[in-house]
1. If Ala226 satisfies all but one of (1) surrounded by 19 or more Cβ atoms within 10 Å (Cβ to Cβ); (2) without any contact (Cβ under 8 Å) to a residue 60 or more places away in the chain; (3) in a helix (DSSP H, G or I); (4) among the aliphatic types (A, V, I, L, M), what's the number of the condition it fails?
2. Being assigned to a loop (DSSP other than H, G, I, E, B) and either modelled with pLDDT under 95 or not assigned by TED's automatic domain parsing to the domain that holds His262 (or both) narrows it down to one of Gly315, Gly347, Gly337, Gly297, so name that one.
3. If you scan the stretch 1-24, which residues turn out to be within 21 Å of His239 (Cβ to Cβ) and part of a loop (DSSP other than H, G, I, E, B)?
4. Against the conditions (1) under 30 Å from Asn165 (Cα atoms); (2) part of a helix (DSSP H, G or I); (3) at pLDDT 95 or above, where does Phe65 fall short? Just the number, please.
5. Does Pro39 satisfy the criteria of being more than 30 Å from Asp248 (Cα to Cα), in the same structural domain as Val154 (by TED's automatic domain parsing) and in contact with a helix residue (DSSP H, G or I) (Cβ under 7 Å, 6 or more places away or on another chain)?
6. Any residue at all in the stretch 6-24 that is surrounded by 13 or more Cβ atoms within 10 Å (Cβ to Cβ), among the hydroxyl-bearing types (Ser, Thr, Tyr), touching a residue at least 12 places away in the same chain (Cβ under 8 Å) and more than 23 Å from Gln100 (Cα to Cα)?
7. Confirm whether Gly151 is assigned to a helix (DSSP H, G or I), on the phi < 0 side of the Ramachandran plot and modelled with pLDDT under 95.
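The values are calculated or read from the model by the stated rules, or taken from the named source; none is laboratory data. Values in this document were obtained by computation on a predicted structure and should not be read as measured data. Cβ placement follows ideal geometry from the backbone for every residue including glycine, while neighbour counts extend to all protein chains displayed.
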Amino acid sequence: MTVIERSIRVDWRLRVFFTEDVFAPANPLLREVLAETAPRRVLVVLEDSLAQAQPDLEDAVTAYFRGHAGNIHLTRPPLFAPGGERAKNSQTIVNDLLSQLHRHHIDRHSYLVAIGGGALLDVAGFAAATAHRGVRLVRIPTTTLSQADSGVGVKNGLNAFGQKNFMGTFTPPFAVINDFKLLATLAPRERRAGFVEAIKVACIRDAAFFDEIEAAADRLVAFEPAAIRRIIHRCAELHLDHIATGGDPFEYGSARPLDFGHWAAHKLEMLSRFRVSHGEAVAIGIAMDVLYSRNLGWLDARSADRILNLLEQLGFTLFATELLNDVMCDHFHILEGLEEFRLHLGGQLTVTLLRGLGHGEETHEMRPDLILSAIQELRARAVKNEPPDSY
């Protein structure tokens, strides 16, 4: 036999900009990002719940493009699309977006601008990655979780066949613009969701950052803007550092270090039919793996207590009844998350645990008895923390 082989190198530039009031007429950032050479065609998709919470936003978007019409051309008024997991559970929204990209002649040198939370960004990213084999996507995340984590990554995913993110692509966005003003109308549950991703990356990458989050906990609970901005900025920075320097940005291997706590979280979301949100599920998943690391002798008890206490201080509940859903008395559905996690990557099961605060380490084996022990401890902790009048 004969073979022809070449190494192909592709360089990507991943940029995350931070600004206030991105659609203010005097703010040049979006125009400068989009108009490398003018004019550029742009299709905007806007999460409907955000448009309802900020009723002036649609007009602000339209006015911005009108004011910069010599550089960027808005092909039609902003599209509206649902957010949340229901957006990822159906291919209808993706198909609608693809239809609009086709109808308005959005080509590989045009832009899809997606304004919304992580789920809508996933859906829009999938559509952008598959139209013409890739049109330029600009993400404008509007939740703390997406500004700190999902919106600044290179993944797009849809749920299918009962599995989280079964379908998807690895396609870096052309740019990400984090506008802190867009967080103003978030409900408390949504505001705190991003905190857990900051704790996650601090636990496995940066003990000093964990100390910083811990010191700022009261200000974060009060949603003090400066504290939230700092947490988002550092969390996004650590995520980009990993993507750029971790050696496996498209996950060709069998490890997902930044998914600490996620093997259980993804399964819990599905088991609860998304009653438990992604941020809440990640908090529980982190708590499980923290206790597992401690019970394995890898993590000291004081560090484990600090992590669990901080999660609770920031408003997270560390137990959900779905953790105990069982087929038979000795088989709990949550354990199926391990095999689904392995299959999602292929090859050997690889789960990140903690060797110390700020030090993640991979393991290829998870003992069901230690997992169930961690769940029972979280259950007992939840009962202990229940207010007396709840009984």
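1. Every condition holds for Ala226 apart from (1).
2. None of the others qualify; the one that does is Gly347.
3. Taking the stretch 1-24 first, the residues within 21 Å of His239 (Cβ to Cβ) are 10-19, 22.
Of everything in the stretch 1-24, those that are within 21 Å of His239 (Cβ to Cβ) and part of a loop (DSSP other than H, G, I, E, B) turn out to be Val10, Asp11, Trp12, Arg13, Leu14, Arg15, Val22.
4. With respect to (1) under 30 Å from Asn165 (Cα atoms); (2) part of a helix (DSSP H, G or I); (3) at pLDDT 95 or above, Phe65 is out only on (1).
5. Working: more than 30 Å from Asp248 (Cα to Cα): yes; in the same structural domain as Val154 (by TED's automatic domain parsing): yes; in contact with a helix residue (DSSP H, G or I) (Cβ under 7 Å, 6 or more places away or on another chain): no.
Considered against the rule, which asks whether it is more than 30 Å from Asp248 (Cα to Cα), in the same structural domain as Val154 (by TED's automatic domain parsing) and in contact with a helix residue (DSSP H, G or I) (Cβ under 7 Å, 6 or more places away or on another chain), Pro39 comes out as no.
6. Within the stretch 6-24, one or more residues are surrounded by 13 or more Cβ atoms within 10 Å (Cβ to Cβ), among the hydroxyl-bearing types (Ser, Thr, Tyr), touching a residue at least 12 places away in the same chain (Cβ under 8 Å) and more than 23 Å from Gln100 (Cα to Cα).
7. Considered against the rule, which asks whether it is assigned to a helix (DSSP H, G or I), on the phi < 0 side of the Ramachandran plot and modelled with pLDDT under 95, Gly151 comes out as yes.
Yes or no, residue by residue, for (1) over 16 Å from Gly360 (Cβ atoms); (2) not charged (D, E, K, R):
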{"residue": "Arg191", "(1), (2)": "yes, no"}
{"residue": "Arg205", "(1), (2)": "no, no"}
{"residue": "Ile232", "(1), (2)": "yes, yes"}
{"residue": "Leu240", "(1), (2)": "yes, yes"}
{"residue": "Ala287", "(1), (2)": "no, yes"}
